[in-house]
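The values are calculated or read from the model by the stated rules, or taken from the named source; none is laboratory data. Here the structure is a predicted model, which is why all the values come from computation and not from measurement. Please note: Cβ atoms are built from the backbone with ideal geometry, for glycine as well, and neighbour counts cover all protein chains shown.
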Amino acid sequence: MESIGALSKKLSDYLDPKKVRQVNKAYNFACEAHSGQFRSSGDPYVTHPIAVASILSSFRMDEDSLSAAMLHDVIEDTGIPKAIIEKKFNRDVANLVDGVSKLDKLSISNRTEAEAENLQKMVLAMSKDIRVIVVKLADRLHNMRTLMYLNREKQIKIAKETLEIYAPIAHRIGMNNLYRELEDLAFKVIYPKRYERLTSAVKKNRGGQKRILNKIQKELSKRLLDQGIPALVEGREKHTYSIYRKMKERHRSFEEIMDVYAIKIIVDTPENCYRTIGHIHNLYKPVEGRFKDYIAIPKSNGYQSLHTGVVGLKGFPVEVQIKTQEMNDMAENGIASHWLYKSGDKSDFNPQIRARRWVAGLLEMRENYDSTEEFIDSIKTDIFPDEIYVFTPQGKIIEMSSGSTAIDFAYAVHTDIGHHCRACRINKRLAPLSVPLESGQTIEILTEKVPQTSPAWLNFAVTPRARNGIRHYLSNLKTSEARKFGKKLLDQSLTNMGIKLREIEKNELRKVLKNIGVRSLNKLLEEIGLGQRVGNIVAQQITGFLKDDDIEHKEIVPLEITGSEGLIVNYAICCKPIPGDSVIGHFTAERGLVIHQERCKNILSVREDPQQCFPVNWGKPSGRSFLVQIKVIARDEPGLLANLAAVITGLETNIASIQTMDTNTEIHEFILDLEVSDRTHLSKILRKIRTVNNVVSVTRIHDWEMRQAAALH
Ligand code: MN
């Protein structure tokens with residue numbers, strides 16, 4: 001059991017005193033909160049958070065992660081609210097603790113294999129900050145190490161969960177040491193006899209091979225020393241569960257798997273990795289097809305190494321991995337290893353900057369090698385999916401696009417559930433239908449015998465399935481019903497803005513209607529009731545018109561948008577408008593009000609139709625960012641991508657994705673998706689990119705969708 005004193009001493013190796021003090025403060029806070037609580041082992045509860053923090057310190061994690069580790073069970077087990085943690089520490093620590101607590105509440109046992117995959121994604125989607133996952137994995141590791149104090153039933157439940165959810169997540173983000181230990185600990189609990197048999201067989205087998213293995217190691221070390229390559233040659237053990245899995249899945253015998261010696265060689269530079277492999281192939285006969293260059297083409301989780309298979313002494317097959325120390329740390333600790341190398345710099349640790357840095361880090365590693373499509377793919381690998389994953393009350397997992405609401409959920413379950421939806425419970429509490437859902441929540445839809453479908457739902461239903469369902473239902477309404485509905489909705493929206501429909505003068509009302517593009521009030525109400533127009537938007541148009549003093553001379557008053565309207569205003573995916581672009585609003589059946597660039601080809605045919613389109617202007621900036629796509633044409637020299645990324649991230653811009661067109665010439669075409677605040681921001685970026693070496697041209701892409709389709713070929 002580690003004392004806080006010993007841990008603090010370890011921390012002062014890489015954190016300055018102020019940060020160590022924060023971790024100490026978190027420790028004291030946890031001590032007090034958990035006082036009187038004990039682990040099943042009989043130890044005071046606080047020994048657990050210390051152990052978790054200690055695991056994290058071996059990755060040199062930052063002080064906020066370590067503080068969160070100290071406090072990770074405080075919300076769940078002692079009822080201290082998140083707000084107190086934020087006040088006593090900071091928002092990051094509070095969010096991390098909250099994130100870990102939310103994962104604790106997931107009910108994830110007894111899943112089918114297909115669902116386990118979705119659950120892994122759910123866990124990742126719930127943890128927008130990668131540190132939540134790392135803290136959670138350390139927590140799970142310590143719990144697995146101390147599992148023997150629980151009863152058998154609990155042991156099995158936790159071990160299965162570890163095997164199905166947490167070990168694969170650790171693997172996915174490259175934390176392989178932790179992944180292996182989790183798997184072996186779980187294996188030992190679930191199949192104690194098989195584990196016993198297998199480990200003793202491995203021991204026996206290794207005993208017999210030791211002499212040969214030593215000889216090979218010595219021979220290799222000597223050769224590399226002679227050649228002046230500083231190298232560490234060590235034997236490499238497969239973990240028990242992976243041997244078991246190979247025997248089971250690939251139907252191999254124990255001997256077949258164990259007869260291969262595995263050796264790892266760590267050298268100082270990537271160049272020496274390549275030189276080393278040359279010498280090995282000179283010393284032993286290489287096995288055809290076994291050479292893999294994961295340095296030039298890293299695996300999607302960032303793994304880099306050279307692999308080869310050779311026939312060693314006395315004809316024994318040997319597997320060899322060659323890497324640098326940094327590559328080895330990456331291979332063992334994955335994402336966590338970035339703290340190992342980046343902990344020195346002072347810039348803040350917000351998730352966006354870190355994710356950006358992770359991409360930039362991958363790019364740096366590649367600097368000395370040719371660019372390849374595989375590499376680009378590895379950057380795009382989604383750690384955090386755009387989808388959300390929620391539970392039905394029966395525990396089934398439903399996948400939806402992020403931003404979806406309970407109405408979308410209802411229609412996703414079944415169209416009839418959608419039509420009859422009256423209210424919803426999110427995590428057992430009644431909640432408005434319009435609230436965007438979050439991954440991990442359990443959603444229950446309360447229904448009514450008669451259909452409840454309301455055009456008001458179009459204000460917050462976002463999935464095409466729900467919007468079509470609602471509109472289809474509404475289109476069958478009688479005209480009189482539709483009018484009644486429409487009037488109720490418009491009244492509501494106008495009242496919210498301090499205006500009463502019946503108080504608008506007849507003369508003004510006529511002008512307003514003309515402005516909006518309908519011939520009568522009844523027609524307008526009918527259209528709202530049928531879901532062809534959105535009540536909130538019409539109300540905004542009316543108020544905008546009435547506020548304008550100079551209505552006699554103004555033909556049409558543009559609607560003002562800022563990007564903060566929420567789900568009622570959508571931005572066209574074909575032309576991706578950003579603040580500063582000339583834009584136009586378009587009503588659509590599926591998505592409600594959609595903002596297009598005025599130049600967009602897709603609305604050319606309807607843009608003069610006031611029924612469908614009306615002018616909009618950008619209001620005050622709302623602080624949200626918009627996606628924009630640019631094309632960079634450049635000579636593909638080593639380091640190009642790294643330079644591009646450095647320039648872009650230097651302007652506080654997030655790179656959402658990078659694609660490259662498959663060209664066989666020296667000139668390459670890169671398509672980058674960037675998150676920008678407006679046109680000024682974008683033009684700054686474009687100007688800066690033009691100054692990068694080897695860049696031939698850079699332009700913004702306006703017809704986004706077609707481009708993407710082309711890139712998929
Ligand atoms: Mn815990």
**Study point:** Of all residues making up region 429-453, the number that are under 8 Å from Ala406 (Cβ atoms) and assigned to a strand (DSSP E or B)
**Key:** 3
Check your understanding: What tally of residues in region 205-248 results from selecting those that are assigned to a helix (DSSP H, G or I), closer than 24 Å to Asn176 by Cβ and not hydrophobic (A, V, I, L, M, F, W, C)?
Key -> 11
**Study point:** Hits in region 80-103 (condition: of a type in the set (Lys, Arg) and within 14 Å of the ligand (Cβ to nearest atom))
**Key:** Lys102
Check your understanding: Can you find a residue in region 86-101 that is farther than 25 Å from Tyr389 by Cα and either crowded, with 21+ Cβ neighbours inside 10 Å or in the same structural domain as Ile443 (by TED's automatic domain parsing) (or both)?
Key -> yes
Practice item. Those residues that are of a type in the set (A, V, I, L, M) and closer than 24 Å to Ile80 by Cα, I need them from region 50-68; list them, please. Key: Ile50, Ala51, Val52, Ala53, Leu56, Leu66, Ala68
Practice item. Say whether the condition of being more than 36 Å from the chain's Cα centre (by Cα), on the phi < 0 side of the Ramachandran plot, buried (at least 16 other Cβ atoms within 10 Å of the Cβ) and without any contact (Cβ under 8 Å) to a residue 60 or more places away in the chain is met by at least one residue in region 214-226. Key: yes
Check your understanding: Can you name the strands (runs of 3 or more DSSP E) wholly within region 574-650 that have at least 1 residues being at pLDDT below 85, out of contact with any helix residue (DSSP H, G or I) (no Cβ under 7 Å at 6 or more places or on another chain) and assigned by TED's automatic domain parsing to the domain that holds Leu674?
Key -> 626-635
Practice item. Look through Asp64, Asp77 and report the one residue that is away from the ligand (no atom under 12 Å from the Cβ), part of a helix (DSSP H, G or I) and within 20 Å of Lys136 (Cα to Cα). Key: Asp64
Practice item. Could you look through region 77-94, keep only residues that are in contact (Cβ under 8 Å) with a residue 60 or more places away in the chain and hydrophobic (A, V, I, L, M, F, W, C), and pick out the one that is farthest from Asp64 (Cα to Cα)? Key: Phe89
**Study point:** Index of the failed condition, Ser493 passing every other in (1) at pLDDT 85 or above; (2) among the small types (Gly, Ala, Ser); (3) in contact with a helix residue (DSSP H, G or I) (Cβ under 7 Å, 6 or more places away or on another chain)
**Key:** (1)
Practice item. Can you run down the residue pairs with Cβ atoms below 8 Å, 6 or more apart or on separate chains, where the first is in region 500-520 and touching a residue at least 60 places away in the same chain (Cβ under 8 Å) and the partner is among the charged types (D, E, K, R) and assigned to a helix (DSSP H, G or I)? Key: Val518/Glu527
Practice item. For Lys157, work out the one condition from (1) farther than 18 Å from Ala51 by Cβ; (2) within 16 Å of the ligand (Cβ to nearest atom); (3) buried (at least 19 other Cβ atoms within 10 Å of the Cβ) it doesn't fulfil. Key: (3)
Exercise for review: Among the numbered conditions (1) within 26 Å of Asn151 (Cα to Cα); (2) more than 11 Å from the ligand (Cβ to nearest atom); (3) among the basic types (Lys, Arg), tell me where Lys121 comes up short.
Suggested key: (1)
Practice item. Confirm whether Leu458 is modelled with pLDDT under 85 and not in a helix (DSSP H, G or I). Key: no
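Every residue, every condition in (1) assigned to a helix (DSSP H, G or I); (2) crowded, with 18+ Cβ neighbours inside 10 Å; (3) in the same structural domain as Leu182 (by TED's automatic domain parsing); (4) among the polar types (S, T, N, Q), yes or no:
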residue: Lys25; (1), (2), (3), (4): yes, no, yes, no
residue: Ser35; (1), (2), (3), (4): no, no, yes, yes
residue: His48; (1), (2), (3), (4): yes, yes, yes, no
residue: Ser54; (1), (2), (3), (4): yes, yes, yes, yes
residue: Met70; (1), (2), (3), (4): yes, yes, yes, no
Practice item. Only residues that are modelled with pLDDT under 85 and surrounded by 13 or more Cβ atoms within 10 Å (Cβ to Cβ): list them for region 239-253, please. Key: Arg252
**Study point:** Selected residue [at pLDDT 85 or above and not hydroxyl-bearing (Ser, Thr, Tyr)] from Leu96, Leu119
**Key:** Leu96
Check your understanding: Is one or more of the residues making up region 104-112 touching a residue at least 12 places away in the same chain (Cβ under 8 Å), within 16 Å of the ligand (Cβ to nearest atom) and surrounded by fewer than 16 Cβ atoms within 10 Å (Cβ to Cβ)?
Key -> yes
Review point. Do the conditions hold for Ser101, that is, is it at pLDDT below 85 and within 17 Å of Asn143 (Cα to Cα)?
Key: no
Review point. Do the conditions hold for Lys314, that is, is it outside any loop (DSSP other than H, G, I, E, B) and closer than 27 Å to Gly228 by Cβ?
Key: no
Review point. Do we have any residue at all in region 131-154 that's away from the ligand (no atom under 16 Å from the Cβ) and either assigned by TED's automatic domain parsing to the domain that holds Thr240 or crowded, with 19+ Cβ neighbours inside 10 Å (or both)?
Key: no
